[in-house]
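Shown next, in structure tokens, is the structure this report addresses.
Quick note: the coordinates plus some simple rules give every number you see, no bench work behind them. Just so it is clear, the model here is predicted, and its values are computed rather than measured. For neighbour counting, all protein chains shown are included, and Cβ atoms are generated from backbone atoms with ideal geometry for every residue, glycine included.
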Amino acid sequence: MSPRVVIVGAGIVGCALADELTARGWTDVTVLDRGPLFRTGGSTSHAPGLVFQVNPSRTMAGFARYTVEKYLALGCFDQVGSIEVATTPERLAELHRRHGFALAWGIAARVLSPAECHALFPLLEPDRVLGGLHVPTDGLARAVDAARAQAQAAIARGAVFHGRQEVTALEDDGVRVGDRHVPADLVVCAAGYWGPKLAPVPLLPLAHQYAVTGPVRGLPSGVPILRHQDRDLYFRETAGCLGIGSYAHDPMPTDVEPPFAAEQFAASLADARALLPGLPDIEHGLNGVFSFTPDGFPLLGPVEGRPGLWLAEAVWVTHSAGVARAVAEWLVDGRPSVDLHECDTQRFEEAQLSPSYVNARGQRAFVEVYDVIHPLDPAGDPRPLRVSPFYARHIALGARFTEGAGWERPLWFEANAGLPVPDLPPRDVWAARHWSPIAAAEALATRERVGLFDLTPLKRLAVTGPGAAAFLQRMCSNHVDRPVGAVTYALLLDEGAGVRGDITVARLGPREFQLGVNSSLDLAWLRAHAPADVHVADITGGTCCVGVWGPAARDLLAPLTTLDLAHEAFGYFTARRTHLDAVPVTMLRVSYVGELGWEVYASAELGPRLWDTLWAAGASVGAVAAGRSALTSLRLEKGYRAWGVDMTAQDDPYSAGLGFAVNLAHGDFVGRAALRPDGPRALCCLTVDDGRTVPAGREPVLADGVPVGHVTSAAYGYSVGAPIAYAWLPRALSTPGQPVEIAYFDERVAATVRAAPLFDPTGSRIRR
């Protein structure tokens, strides 16, 4: 018997979800909307319907592909294709990068010459553009028709839709409509920009200008949708006229559709006429309202602390059917078939959920809709938000910061500018952004002496209680019920054996464990499964950590403690509590750079004293402060994976090269039954043959000219003297020595599969 499901919102997302759920046998589905069916008055009713599939995110591109396929089959999609044009060299380079995303995610696309752009869109003069990206399978979704068609399919299977039924509250066992209670086992909020009035939904509704010209002479029917991102504009043909959308105006937060102001659109119309001469005047316009989240991704999944409440929010028409399928799979099957960590409702830290934060980042997401975004571009205000206790010391050392999960994270330190730097190949403009040769100096100083790395932003959990050991045995892929002082590297798997996270588990007492995890998603996962006799606490904000790594790490630390730090007394993957000078610390002998060393933890209020103690002691051994740029290079030289980048829940441990963290002898654990050691893909180490090109990640990998995989992480390996890239490839191409190519902008760069790790393959340095 299927559970009772109430979906709040009969826009395109709610209708698509009802269709996907009922197709899977859940037929007790009720959909409620405050407006009339199916032109409800929300975003679906006024959406221009543009579906562009190419996206840096594999997940979002997959959502869009399924949306195209489904709506085309329903007869609600006009597959006119799309062209994105470039009027600057920077944008043309970006179009080549986007073409790479298309190749990586299996979307047919081609970069066009100006003449080819004109042939497809005759109003576009060739001398006004430098080129364009053409995706022939993109097009226009008729959003209201698609919503109606999916609703009708759901109704035929037993779903019920009610319009003009405004939900006023979400309750533990259903929803309230006025004075009436509608019972439910599960409630999915798909109310769009009205969602924040009903549930904890961190999104910002923003108005977006859209105007329609009078009839356009010479405009053929069925021309491709056109994007002029250099001026934040898009164009679509509509009954012989042109619809023009603009993101060029200032953000307009609103919870109602504001009136269209023609004078506010004047600059965008002038930019439109500069690209498409002879456009007639605007006949009418509107300000549609769309939902923006702090990071630009949807909000999907269960709401922590609200059993039975799920979100399918901040979803545009572009991704609607794909999102609905993923959420339906998650509800019915227990897990989606695609990785959703970018979209998970529980991905944000508490500090990122304040109204002011959501407002500031939501507006920034609007402004950057069509911007060229580098993967390392730091987020804007509010900054700084979260800082480690070492922040003032890092400022004094000239730290250049990036930001992640609200934390300020040093990339490198200008104080190290005087350190020796090896001869390095020149970098192109893209690879040189947010990079400095100082990173090379910090990496080599770590290999030769010792580096101090601020690891405070890495999430730490305390798992305690009588059932803690048994609970972690059940949740982890490796044997963690070991003696006090043991540290174990393990995986958190889902029921399908997908890698939800990789963690370290340090046993600090019979009922006390400290976990190093990846994000708030791991915290939510463990809390959701913890029995009553286990307490899972986030201790990150009250603690700090320094990675003391390098061949001189023992020389730096030994004078500060009475603890014997010799390898025989304090072995690799063990933990001890002690004092470093006056600071009580917990020391874990683990390393993310492949060198001798320890992670040193202390309470936050002792952080400045800890840093000063280590800094003073490090002077005699040549210690340097080192940042994340050096860390990325060092970890890739050692083949260490980064969850969310190199592997996700869409990947299994063996294919990701993490089979060593799976211990089948320790009993049953989540995901064990689904493990398969012979997957068709493998995460492989590549080096770039030209010795200078450093990919940024997500570039396609080709064999014999055919796309076969994509890059995950990449960096220059300063100790090995070559650019390193990790990439998912078919297992048949994973043999060391196999030649492949990486599509890097408009180049095809030769690369070679290598045996990993490239540096210290025996691991002798870490076990000194």
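One quarter of the surface of the convex hull around the alpha-carbon atoms of region 678-768 equals 6.4 nm², the direction-averaged projected area. Toward the positive end of the charge dipole of the chain, with +1 on the Cβ of Lys and Arg and -1 on the Cβ of Asp and Glu, the farthest Cα among LEU508, GLN209, TYR193 is that of LEU508.
Based on C-alpha pairs under 8 angstrom that are at least 6 apart in sequence, region 678-768 has a relative contact order of 33 percent.
Over region 384-440, the fraction of Cα-Cα pairs per 10 Å bin, rounded to whole percents and listed from the shortest bin up, is 22, 44, 27, 7.
Rounded to the nearest 10 degrees, the inclination of helix 12-23 to the longest alpha-carbon principal axis of the chain is 80 degrees. Ordering of 563-572, 146-155, 272-281, 398-407 by packing is 146-155, 398-407, 272-281, 563-572, highest average first (other Cβ atoms within 10 Å, averaged per residue). Compared with the dominant Cα axis of the chain, that is its longest principal axis, helix 58-73 is turned about 30°. Each listed q (0.06 Å⁻¹) maps to a log10 I(q)/I(0) for the chain, found by the Debye formula over equal Cα scatterers with no solvent: -0.39. Computed packing ranks the peptides 348-358, 478-488 as 478-488, 348-358, most packed first, by mean other Cβ atoms within 10 Å. Here region 216-261 has an Rg and Dmax of 13.3, 39 Å, counting Cα atoms alone.
For a bin width of 10 Å, list the pair-distance distribution of region 530-647 built from all Cα-Cα distances, rounded to whole %. Going from the shortest bin to the longest, the percentages are 12, 40, 34, 12, 2, 0.
Axis angle, to the nearest 10 degrees, between helix 628-637 and the longest C-alpha principal axis of the chain: 80 degrees. Normalising by residue count, region 115-216 has a Cα convex hull of 217 Å³ per residue.
Using only DSSP helix segments of four residues or longer, with each worth -39500 (n - 2.57), what per-residue ellipticity at 222 nm results for the chain after dividing by its residue count and rounding to 500?
Details: 17 runs with 172 residues, N = 768.
Dividing the helical sum by the residues of the chain leaves -6500 deg cm²/dmol.
Around the Cα centre of the chain, unit charges on the Cβ atoms of Lys, Arg, Asp and Glu (plus for the first two, minus for the last two) sum to a dipole of about 1120 debye.
Going from the residue with the fewest nearby Cβ atoms within 10 Å to the one with the most, MET252, MET475 rank MET252, MET475.
Region 452-608 gives an Rg/Rh value of 0.96, both radii derived from C-alpha positions and Rh following Kirkwood. Kirkwood analysis of region 729-768, using all unique Cα-Cα pairs, places the hydrodynamic radius at 12.3 Å.
For the chain, relative contact order (Cα pairs under 8 Å, six or more residues apart, normalised by length) works out to 11 percent. Convex hull volume per residue, computed on the Cα atoms of region 41-154, equals 119 Å³. Neighbour counting of Cβ atoms within 10 Å sorts the residues ILE724, ILE438, ILE12, ILE282, fewest neighbours leading, into ILE282, ILE438, ILE724, ILE12. Working ranking of peptides 579-586, 664-671 by packing, defined as the average number of other Cβ atoms within 10 Å per residue, highest first, is 579-586, 664-671.
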